[in-house]
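Read-outs: derived from the displayed coordinates by stated rules, not from any lab. None of the values given here were measured: they were computed from a predicted structure. Every residue, glycine as well, gets a Cβ built from its backbone with ideal geometry; the counts of neighbours run over all protein chains shown.
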Amino acid sequence: MNGYGRHVLHGLIAGLATGLLMGLLTVFILTPSMEALMEELVKHQLSKTLPPNEVGEALEVIKGSIKIAVFIAPIAQVIQYILLGALFGLVKGLLNTKLRLSEASSAIAVGALYVLLLSIAPLVVLFKLEPGVVEVISRYFNPYLITLTPGAVFAVTITLVSIVKGPWTRVIEAKPREV
């Protein structure tokens with residue numbers, strides 16, 4: 001496999017690893033507190049627009065949706081990170097082929113771009129626009145850790161997949177079979 005396909009596959013593998021790790025963290029660490037956090041976030045946001053008696057009613061209506069969201073979150077995370085991995089793998093291919101960066105340099109650059117765009121920027125925006133939401137999240141989880149972990153895992157994984165030969169190398173370097 002050559003060209004962009006190899007880089008997309010690197011991104012897919014890194015995205016899969018990130019998704020699986022984050023899915024496991026969600027199931028074993030975040031899920032016990034996730035429902036309470038979601039309820040408190042909804043109360044916090046609705047209290048800005050609704051009177052107190054209507055906030056409780058609205059919360060009762062959406063509790064079922066919160067339970068479903070908490071249940072499907074790990075699966076959705078795996079899919080999300082695989083898709084993001086493919087996209088950032090394509091960016092890695094662009095950096096490698098068009099800008100002529102080495103495998104390691106393009107992997108590190110795309111990992112840093114991932115962390116910047118999908119970890120740091122959202123955290124800064126959330127702190128600036130909704131400090132109350134950050135305060136609510138802080139009661140349950142460390143917002144820095146929650147937002148920076150996926151980016152760090154992705155950056156490390158795509159760099160390792162790009163420069164270390166492993167079982168994935170057979171798939172990436174496989175030649176098409178002749179018929």
Would you work out which of Ala17, Tyr4, Ser33 lies farthest towards the positive end of the dipole of the stretch 1-121, given +1 charges on the beta-carbon of Lys and Arg and -1 on that of Asp and Glu, about the Cα centre?
Tyr4
Rank Val125, Val78, Val27 by mean-square fluctuation in a GNM of the chain with C-alpha springs under 10 angstrom and give only the top-ranked residue.
Val125
For the stretch 81-179, the Kirkwood Rh over every pair of distinct alpha carbons, in Å, works out to 15.4 Å
State, to one decimal in nm, how far the label point of Val133 lies from the label point of Ile62, with both points 7 Å from Cα in the Cβ direction.
1.1 nm
With Cα coordinates, the longest principal axis of the chain makes an angle with the long axis of helix 52-97, in degrees rounded to 10, of 10 degrees
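Would you kindly give the portion of the calculated P(r) for the stretch 6-63 that falls above 19 Å, as a percent of all Cα pairs?
Across the stretch 6-63, Cα pairs with separations above 19 Å total 53 percent.
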Do any trypsin sites (Lys or Arg not before Pro) in the stretch 73-108 lie in a loop, going by DSSP, with at most 14 other beta-carbon atoms within 10 Å of their beta carbon, and if so which?
Lys98, Arg100
Which value at 222 nm does the chain reach when only helices count, each DSSP H run of 4 or more adding -39,500 (n - 2.57), with the total divided by all residues and rounded to the nearest 500 deg cm²/dmol?
-27000 deg cm²/dmol
With springs connecting C-alpha atoms under 10 Å apart, model the chain as a Gaussian network and identify which of Glu103, Glu60, Glu35 has the largest mean-square fluctuation.
Glu60
Measure nothing but the geometry: give the 0 to 90° angle between the long axis through the Cα atoms of 31-46 and the longest principal axis through the Cα atoms of the chain, rounded to 10°.
60 degrees
Averaged over all directions, how much area does the convex hull of the C-alpha atoms of the chain cover when projected, in nm²?
13.2 nm²
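Taking the inverse of the average 1/r across all pairs of different Cα atoms in the stretch 1-105, what Kirkwood radius in Å do you get? Let's see the in-between values first.
Details: mean 1/r = 0.0615 Å⁻¹.
The Cα-based Kirkwood calculation yields 16.3 Å.
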Could you work out how far apart the two model spin labels at Tyr4 and Asn53 are, taking each label as a point 7 Å from the Cα in the direction of the beta carbon, and quote it in nm?
5.9 nm
C-alpha long axis of helix 103-115 to longest principal axis of the chain, angle in °:
10 degrees
